[in-house]
Structure formats: C-alpha cells, structure tokens
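Scroll down for the structure; my scribbles are underneath it.
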Amino acid sequence: MLMRAAVLTEFGSEMEIRDIEIAAPGPGEARVKIAASGVCGSDIKALDGKSPVVRELPFVLGHESAGVVESVGEGVTSLRPGDHVIVAMNGPCGRCRNCGAGRFHLCGDPARMAAIMGTMGDGTTRLSVDGTPAKTMIGIGSFAEYVVVGERMCVKIAKDAPMDLMCLLACAVVTGVGAVLNVAEVRPGSSVLVAGCGGVGLNVVQGAVLAGATTIIAADVAEPKLALAGKFGATHTILVDDLPAQVGGIVRGGVDYAFDVTGVAGVLATAFAATRPGGTTVMVGSPPAGTSVGVEASLLFASRRLMGTQGGDAAPIRDLPMLAEQYLRGRLDLDGLVSERVPLDQINRAVEHVRGGAVARSVIVFD
C-alpha cells in the first residue's frame, strides 16, 4: 500500500515528502493510521546525524503518536480495527527477567531491541522507498500516514480522547512525569530543580506538581520558556547560570531533587551540585554518545545520587492510561503544551521552530 511520509535521505538536510510503500502487518503486529505526531528533540538529533539509533538511510522519523488501528496481523488478540491507540515508545514482553522485576523499561526482549534500532522483531522493515528498505525511529516512524508496530506497543484509549493531545503522552509527557514519579519518586513537600524547560522539561514541572512538591525551580536560557514553566506550576524561575548559587539563594543547602533535561553534560554537573546532601539528580536529557559527566567526588560522600532514565522508566500499559486520566480530571495540562498544529507537508518548518526553541511542542496532524 502507498502512503505519504516524510523521508530522511541525507543527514543535515530537510525531510522529503514522498509516496512510499508500507506492507501489511505481520504476525503479532498492527497497522495504525496516524492521526497526530509530535516533533521531539530526539528527531532533531537524528536529522543532524547525532542519534546512535539512526545510522542507515533512508529513514522515517517520528515516535510520539496516536491513531486508529487499520488492520492487525495473525495472532493479535488485544486489538481490532477501529481501536483508538497511543503508540508507545516500547512494548515490554512481560516475561523476561527485567519485566518480572518490574523494570519494564529495561526489557531485553529481542523484538524490543530490534525496534530500538528501527526494525521489526525479525530484523526486517515494513517500509520501502523506491524499492529500498527504510527503517523507522525506534520501530515507529510516525511522520507518515501509517505505521506498522508490535501489538504490545499499542495502548488503547477512549474514542473521544483528542488524538492531537494524546500523542504527547507517548514521549514528552511520560518521560517528564515518569522521571518524577517513577525514577526520583519525589515526595510531597519537596524542593525540585528543573534545568531545561522545553516540551519534556515542562512535564517534569507538571510531574513535580502532581507529586506535591512545594518549591519548584525552573531554569532555562530562554525567558519565554521560563514564562511557560510558571504557567505549568514552577514557583521560581532562574536563568541557567551558576545553578548552585542561585538555587542556594532560594532553598538553603540545595534542593531535594534536580532534573537535567538539557542533555548538556556541564548543566547536569551543576544541577547535581545544586542538590542538598542526600539529594537526587536525574539525567532526563541525553548528552551525545561518548560524553563524560564530571562531578565533584566530595559531593558523593554526602550520599547524593545521580541517576538516569529511559522514557521516564515507564510501563506503557500502566502509565499512559493513568496520564490520560490525569488530563481528563484537569490535573495535567496537555493543551498548553501544543504551540502549533501543522500538516505533514509543513513538517520541515515545524522542525525549525522546535530547533529554535520557539515552541513547546509542534504537532503534525493528519486528515
């Protein structure tokens, strides 16, 4: 079947809107008609040739999406055509050692590992561009009218849920809120620092609010992003400059929790130094591969913790419905995250808006 997709054929160049071939779903797979897909910083890294999982072209990017199941492959039992779904960034097997211990984000199932590298579980792809196989961003590739994904990556949602908002739960929201609730386990009454207030950082702020933090300090290099952070629940805003000193002026001795969402090693180190003895720092943003993070060793003696996270350490089938419910109850702001909605043929303009920091989230919408 032919479909329209934004295809990356050269690193550092714009994506091309092309008609490409998408195959029918295989056993255990579903084909989903995409309704909306957010533009994420991870897509920008891939465009620039800086993603460790995007190496071979042609490639279809996009991974933050929601849509309607169009068809299912043999053996699929939990989905049927017409189901509305969020396409999760991973589909844990539920059977391996890590899944058995509740570490679903570390699932070692071969199908999940293949998806990370852009293929289906059997190592092949369901897309082709002029006869050449094309891989997809973490096994999704939602800058396209359709995707073929594993059954376990589809999380059903209500048919009246707004797709252009629900898609955000798949990455920006679950990563940010999950970093707070699943990874750091922020306690009520705590103090929190959030360095980097883009789409994910704003959701760290929202997560801190949900967790009951009473002091939430947002830091960024851009004043407009700080203004947005205030609307999402930040109690204080500062520019990213000498974080330990600035934070110490607000919370004596440092914050209980710090989150670095910038992907800049130097910022991570200063955020770590801005925590109190016994404090926790979570690296949410991903520095370039091979980057080393230098922290002052003496700070570790005071039982400070430095942690990482993958997508908020989420279990999609548990966390995505919970986040959707929080939105429906008015406890999670998704509407305020969307700065613009654009059609697929304007995706390169949306990419430049994200790259320039002019938007919280650009969402590609399909007919």
For the range 245-257, which residues satisfy the criterion of being surrounded by 13 or more Cβ atoms within 10 Å (Cβ to Cβ) and on the phi < 0 side of the Ramachandran plot? 246, 247, 248, 250, 251, 255, 256, 257
Output the number of the condition that residue 220 fails; it satisfies all remaining conditions of (1) open to solvent by 50 Å² or more (accessible area, probe 1.4 Å); (2) of a type in the set (D, E, K, R); (3) farther than 20 Å from residue 312 by Cα. (1)
Looking at residue 194, is it over 25 Å from residue 102 (Cα atoms) and either open to solvent by less than 10 Å² (accessible area, probe 1.4 Å) or not charged (D, E, K, R) (or both)? yes
Would you check if residue 274 is at pLDDT 95 or above, surrounded by 17 or more Cβ atoms within 10 Å (Cβ to Cβ) and not β-branched (Val, Ile, Thr)? yes
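Please find, among 91, 82, the residue that is assigned to a loop (DSSP other than H, G, I, E, B) and either within 17 Å of residue 140 (Cβ to Cβ) or open to solvent by 60 Å² or more (accessible area, probe 1.4 Å) (or both).
Values: 82 fails: either within 17 Å of residue 140 (Cβ to Cβ) or open to solvent by 60 Å² or more (accessible area, probe 1.4 Å) (or both).
From the options 91, 82, the qualifying one is 91.
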The range 333-352, residues that are crowded, with 16+ Cβ neighbours inside 10 Å and either in a loop (DSSP other than H, G, I, E, B) or at pLDDT below 95 (or both): 333, 334, 339
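Can you find even one residue in the range 130-145 that is closer than 16 Å to residue 36 by Cβ and either assigned to a strand (DSSP E or B) or modelled with pLDDT under 95 (or both)?
Looking only at the range 130-145, we keep the residues that are closer than 16 Å to residue 36 by Cβ, and these are 137, 140-145.
Still in the list and also either assigned to a strand (DSSP E or B) or modelled with pLDDT under 95 (or both): 144.
Yes, the range 130-145 contains at least one residue that is closer than 16 Å to residue 36 by Cβ and either assigned to a strand (DSSP E or B) or modelled with pLDDT under 95 (or both).
Quick check: is even one residue across the range 6-28 among the β-branched types (Val, Ile, Thr), touching a helix residue (DSSP H, G or I) at 6+ places or on another chain (Cβ under 6 Å) and either surrounded by 22 or more Cβ atoms within 10 Å (Cβ to Cβ) or more than 16 Å from residue 343 (Cα to Cα) (or both)? Please lay out each step first, then the result.
The first filter runs over the range 6-28 and keeps only residues among the β-branched types (Val, Ile, Thr), leaving 7, 9, 17, 20, 22.
Then drop every residue that is not touching a helix residue (DSSP H, G or I) at 6+ places or on another chain (Cβ under 6 Å), which leaves 17.
Okay, now just the ones that are also either surrounded by 22 or more Cβ atoms within 10 Å (Cβ to Cβ) or more than 16 Å from residue 343 (Cα to Cα) (or both), so none.
Within the range 6-28 (the criterion being among the β-branched types (Val, Ile, Thr), touching a helix residue (DSSP H, G or I) at 6+ places or on another chain (Cβ under 6 Å) and either surrounded by 22 or more Cβ atoms within 10 Å (Cβ to Cβ) or more than 16 Å from residue 343 (Cα to Cα) (or both)), the answer is no, since none of the residues qualifies.
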Result of the Cβ filter at 8 Å on the range 1-27, keeping first residues that are more than 11 Å from residue 127 (Cα to Cα) and partners that are open to solvent by 70 Å² or more (accessible area, probe 1.4 Å) and assigned to a loop (DSSP other than H, G, I, E, B), at least 6 apart or interchain, is 26/74; 26/122; 27/74
For residues in the range 303-317 being part of a loop (DSSP other than H, G, I, E, B) and surrounded by 12 or more Cβ atoms within 10 Å (Cβ to Cβ), which is farthest from the chain's Cα centre (by Cα)? 304
Of those in the range 290-332 that are of a type in the set (S, T, N, Q) and touching a residue at least 60 places away in the same chain (Cβ under 8 Å), the residue farthest from residue 258 (Cα to Cα) is 326
Being surrounded by fewer than 19 Cβ atoms within 10 Å (Cβ to Cβ) and among the acidic types (Asp, Glu) narrows it down to one residue among 242, 260; which is it? 242
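Modelled with pLDDT of 95 or more, polar (S, T, N, Q) and under 20 Å from the mean Cα position of the chain (by Cα): is that true of residue 37 in this structure?
Numbers: modelled with pLDDT of 95 or more: yes; polar (S, T, N, Q): yes; under 20 Å from the mean Cα position of the chain (by Cα): yes.
Against the criterion (modelled with pLDDT of 95 or more, polar (S, T, N, Q) and under 20 Å from the mean Cα position of the chain (by Cα)), residue 37 qualifies.
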Identify all residues within the range 104-120 that are modelled with pLDDT of 90 or more and among the basic types (Lys, Arg); write none if there are none. none
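Residue-by-condition table, conditions (1) closer than 29 Å to residue 52 by Cα; (2) over 24 Å from the mean Cα position of the chain (by Cα); (3) in a strand (DSSP E or B):
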position	(1), (2), (3)
227	no, no, no
237	no, no, yes
248	no, yes, no
286	yes, no, no
290	yes, no, no
293	yes, no, no
299	no, yes, no
Just to verify a result, which residue in the range 52-79, among those that are closer than 23 Å to residue 346 by Cα and among the small types (Gly, Ala, Ser), is surrounded by the most Cβ atoms within 10 Å (Cβ to Cβ)? 65
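The values are calculated or read from the model by the stated rules, or taken from the named source; none is laboratory data. Model, not experiment: these values are computed from the prediction. All Cβ positions, glycine included, derive from the backbone under ideal geometry; neighbour counts span all protein chains shown. These accessible areas exclude ligands, DNA and RNA; they are computed on the full protein's heavy atoms, side chains included. Shrake-Rupley method; radii C 1.70, N 1.55, O 1.52, S 1.80 Å.
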